[in-house]
Amino acid sequence: GREQYLAALKARPDDVATLLNLARLDLAEGRTVEADGRFRRILEIDPKNLAATLGAASAAGAGGDKLGTERWLSKAVADHPDSIDANASLAQFHLRNGDTARAKAVLDSAVKKSPRSAPLANLRGLVLLASGDGPGAIRAMTDATTFAPNEPQYVMNLARARQVTGDVKGALATLDDLLAGEPKNVLALQLAAAVALRGQQPDRAVGYIDRLRQAAPDAPATDRLTGDLAMAQKRYKDAVDAYRRAGMRGKDLELVLAEYQAGRLSGAADPVKGVEEWVVTHPQDAAAVLIVAQSKLAAGNQDAAIQLYEQGLEGHPDNVAMLNNLAVLYQAKGDSRALETARRAHALMPQSGAVTDTYAWILVEAGRA
């Protein structure tokens, strides 16, 4: 494909369509500098080309240039104030960076120009939900489902908003309406099962998971949800088996910790083994490190616990639990680093009784009563 595009570009060096295709190919292959150059060349030819402006924003983002990304996206909106894509992209940028106020401002303006745009209404709902306005999010997402009634993703987002605001019944009713028309929608069945389980309605979850086994028996989420259901029903050995089946298709930290909890509650001989294996390849996963370090400490291996905490803090230098526990271990070993480690933990969480206790006793033992 690249050879064909380059041949076409050689014949017509300023052909915008060819430059755009090459730039997109560069982005897909991680050639952000080359992509950026091609997008800029397009904008020299056509200064308000929307695709090139959004592409330049993508190239800047891929290169870690947040200011550049925002600058290009702002230009896209300024050049094309009525563009749904431009406004949505700028709002998503602010949302990803935690600036919900600016994301909402962009969308409020865009919605006035395109009041029946389902994508804008849906995105505005997500922004309102992130900013803590649950009722506003539900209204916006309801609008999105009204404007685009055949778009399942908008319905599922509405269900999520209702769940987050505590309306489990409403969330499940929303999903049941969707499933009435699409009974084998795997994502909707997964979400419905998860909502029912989090809402402490395991009996409702049984039906969704049974249907999920029929629709997607080999999907990792099916086994994971089967494990979650077994945990809710206190069938811990069954939960371990389900989580292990899910893990055969790929593991993540959440699944590893779920299997550990199920194993611990089932009385398994060595429930921490899976977490130990995970930490070997993911030494900076704080939750896993804490579990393994506590296990090592319980077995009397202080040095192994110290090493794990030190490795974990390389990736999470502000993890208070690891700092506090490491300070205790340093103090027990007579390591002078105990005081500074405890001070860091206390500075991060002075309201914690346990952290204050650690810091205060280390100060006392250092002669600073």
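The values are calculated or read from the model by the stated rules, or taken from the named source; none is laboratory data. In this text, all values refer to a predicted model and were calculated from it rather than measured experimentally. Note that each Cβ is placed from the backbone with ideal geometry, even for glycine, and that neighbours are counted across all protein chains shown. Protein only, heavy atoms only, side chains kept; ligands, DNA and RNA dropped before computing areas. Shrake-Rupley method; radii C 1.70, N 1.55, O 1.52, S 1.80 Å.
Can you tell me which of 141-152, 298-309 comes out highest on packing, and rank the rest after it, using the mean Cβ neighbours within 10 Å?
My ranking of the peptides, most packed first, is 141-152, 298-309.
Can you give me the solvent accessible area of M349 with a 1.4 Å probe, rounded to the nearest 10 Å²?
Taking all protein chains as shown, M349 has close to 70 Å².
Could you tally the net charge around R38, taking each other residue with its Cβ under 11 Å from the Cβ of R38, Lys/Arg +1 and Asp/Glu -1?
That works out to 0.
Working from Cα positions, state the angle (0 to 90°, nearest 10) between the long axis of helix 236-247 and the longest principal axis of the chain.
40 degrees
In nm, to one decimal, how far is the modelled label at Q284 from the one at A17, with both set 7 Å along Cα→Cβ?
My value for the distance between the label points is 4.5 nm.
Over the chain, what is the relative contact order in whole percent, taking alpha-carbon pairs under 8 Å and six or more residues apart?
5 percent
Computed over the Cα atoms of segment 1-146, what is the ratio Rg over Rh, Rh following Kirkwood?
Rg/Rh: 1.06.
Kindly report the accessible area of the chain per residue (heavy atoms of protein chains, probe 1.4 Å, no ligands, DNA or RNA), in Å².
Solvent-accessible surface per residue comes out at 52 Å².
Of K66/K112; K48/K104; K104/K184; K251/K296, which pairs sit farther than 31 Å apart, going by alpha carbon to alpha carbon?
K104/K184
Note the angle between two axes, namely the Cα long axis of helix 286-298 and the longest principal axis of the Cα atoms of the chain, as a number of degrees from 0 to 90, rounded to the nearest 10.
Around 10 degrees separate the two axes.
Mind checking Rg over Rh on the chain, alpha carbons, Kirkwood formula for Rh?
Computed over Cα atoms, the ratio is 1.06.
So if I place +1 on the C-beta of Lys and Arg and -1 on the C-beta of Asp and Glu, and nothing else carries charge, what would the dipole magnitude of the chain be about its Cα centre? I want it in debye, nearest 20.
For this selection, approximately 500 debye.
With a sphere of radius 14 Å drawn around the Cβ of A171, what net charge do the other residues whose Cβ falls strictly inside it have (Lys, Arg +1; Asp, Glu -1)?
Taking every other residue near A171 into account, the sum is +2.
Could I have the simple spin-label model distance between A28 and R337, label points 7 Å from Cα toward Cβ, reported in nm to one decimal?
Each label point lies 7 Å from its Cα, and together they span 4.7 nm.
Across segment 234-369, how large is the tail of the calculated P(r) beyond 24 Å, expressed as a percent of all Cα pairs?
Within segment 234-369, distances greater than 24 Å cover 38 percent of Cα pairs.
Please compute the volume of the convex hull spanned by the alpha-carbon atoms of segment 73-228 and report it per residue in Å³.
Once divided by residue count, the hull of segment 73-228 is 115 Å³.
Rank by packing, highest mean first: peptides 167-174, 40-47, with packing defined as the count of other Cβ atoms within 10 Å averaged across residues.
So the order, starting with the most tightly packed, is 167-174, 40-47.
Calculated from DSSP H runs of 4 or more alone, at -39500 (n - 2.57) each and per residue, what is the 222 nm mean residue ellipticity of the chain, nearest 500?
Calculated at 222 nm, the ellipticity per residue is -24500 deg cm²/dmol.
What number comes out for the charge environment of D143, summing +1 per Lys or Arg and -1 per Asp or Glu over other residues with Cβ under 10 Å away?
Residues near D143 contribute +3 overall.
Tell me, in nm to one decimal, what length is gained between R249 and V164 on full extension, where the rule is 0.36 nm per residue of separation less the Cα-Cα distance?
Residue separation times 0.36 nm, minus the Cα-Cα distance, leaves 27.7 nm.
To the nearest 20 debye, what charge dipole does segment 19-91 have about its Cα centre, counting +1 at the Cβ of each Lys and Arg and -1 at the Cβ of each Asp and Glu?
100 debye
When the accessible area of segment 189-312 is computed with all protein chains present and a 1.4 Å probe, what percentage of it is carbon and sulfur?
49 percent
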